[in-house]
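Here's the structure we're looking at; comments come further down.
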Amino acid sequence: MPEDNIKIIFTEDGSHSLYNAKLNETYHSFHGAIQESRHVFVKNGLDYHNGVKENVNVFELGFGTGLNALLAAEWALQNEVYITYDTIEAYPISEKQVSMLNYTSLIKGNNIQEWFDTLHKIPWNELHKVSNFFSFKKVHDSITQHTLPLEKYDVIFFDAFAPNKQSEMWEMDILTKIYDSMRPEGAFVTYCAQGQLKRNLKSLNLDVQTLPGPPGKKEMVRAVKNT
Ligand SMILES: C[S@@+](CC[C@H](N)C(=O)[O-])C[C@H]1O[C@@H](n2cnc3c(N)ncnc32)[C@H](O)[C@@H]1O
């Protein structure tokens, strides 16, 4: 995606997000990027799954700014749970855009800046140990053509652009691919609570839960794979 289509914006919790002018869509909720990531992916994904297994395999659709990955690395250390994190991105943002994001000044912790730099600077397609509790691999590809491993993931961070902006991300072929990559008891979480998404997830025999959304958003979805 050409860089001039993407602008940095402030969201209501003071954290940055990106605005994609071509899609007229932001990368996070304008009510608060960090707040949304913590609620949807950390609390309702990682916290929910904590205790089921000692090592958690996470897959994120849409690496974007790296905010979700950074918060997952923070969570892994705080909870002393080992995370192996795989993410995919079709349109990486530029180094200049990365350097302007304010996440490392808002998320407190000794290693936050170092981890954020590492997440963005390591080569694509290589597994890298970021900390004693966090291994990370980012793949530069489109999910539409990418093959995912079968029954690997405990938690899915489904963070595509909204269905009215990028409908193909929410259709059955992608959702089925994601479903097949989930382990039994695995949890799929997303900020979206659209009726069609819930029907699609139910048709895959997932246990679909509608949960309170982050501040400013009524609902979100978690869908759990039956054992
Ligand atoms: C809502 S944003 C994700 C925000 C990101 N998780 C973050 O924390 O900044 C959606 C992301 O999906 C990426 N994307 C769009 N189409 C894609 C595709 N076909 N395959 C993989 N990633 C895609 C976009 O470039 C964007 O980074």
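List of remarks:
- Test: residue in segment 114-129 that is more than 16 Å from the ligand (Cβ to nearest atom), in contact with a Lys or Arg (Cβ under 8 Å, 6 or more places away or on another chain), of a type in the set (S, T, N, Q) and over 20 Å from residue 18 (Cβ atoms): no
- Lone unmet requirement of (1) surrounded by fewer than 22 Cβ atoms within 10 Å (Cβ to Cβ); (2) in contact with a strand residue (DSSP E or B) (Cβ under 9 Å, 6 or more places away or on another chain); (3) closer than 24 Å to residue 223 by Cβ for residue 69: (1)
- Residue that is within 16 Å of the ligand (Cβ to nearest atom) and either farther than 22 Å from residue 44 by Cβ or of a type in the set (S, T, N, Q) (or both), where the choices are 155, 139: 139
Residues checked against (1) at positive phi; (2) acidic (Asp, Glu); (3) out of contact with any helix residue (DSSP H, G or I) (no Cβ under 9 Å at 6 or more places or on another chain):
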| residue | (1), (2), (3) |
| --- | --- |
| 140 | no, no, yes |
| 143 | no, no, no |
| 148 | no, no, no |
| 153 | no, no, no |
| 163 | no, no, no |
| 166 | no, no, yes |
| 203 | no, no, no |
| 219 | no, yes, yes |
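- Restricting 30, 63 to residues that are crowded, with 20+ Cβ neighbours inside 10 Å and touching a residue at least 12 places away in the same chain (Cβ under 8 Å) narrows the list to 63.
Here is a yes/no grid of residues against (1) crowded, with 20+ Cβ neighbours inside 10 Å; (2) farther than 22 Å from residue 144 by Cα; (3) of a type in the set (Phe, Trp, Tyr); (4) touching a residue at least 24 places away in the same chain (Cβ under 8 Å):
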site: 170; (1), (2), (3), (4): yes, no, yes, yes
site: 180; (1), (2), (3), (4): no, no, no, yes
site: 185; (1), (2), (3), (4): no, yes, no, yes
site: 191; (1), (2), (3), (4): yes, no, yes, yes
site: 196; (1), (2), (3), (4): no, no, no, yes
site: 208; (1), (2), (3), (4): no, yes, no, no
site: 211; (1), (2), (3), (4): no, yes, no, yes
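- Flag if residue 114 is closer than 20 Å to residue 90 by Cα, charged (D, E, K, R) and modelled with pLDDT of 95 or more: no
The values are calculated or read from the model by the stated rules, or taken from the named source; none is laboratory data. Just so we're clear, the structure is a prediction, and the values are computed from it rather than from any experiment. Here the Cβ is made from the backbone with ideal geometry for all residues, glycine too, and neighbour counts use every protein chain on show.
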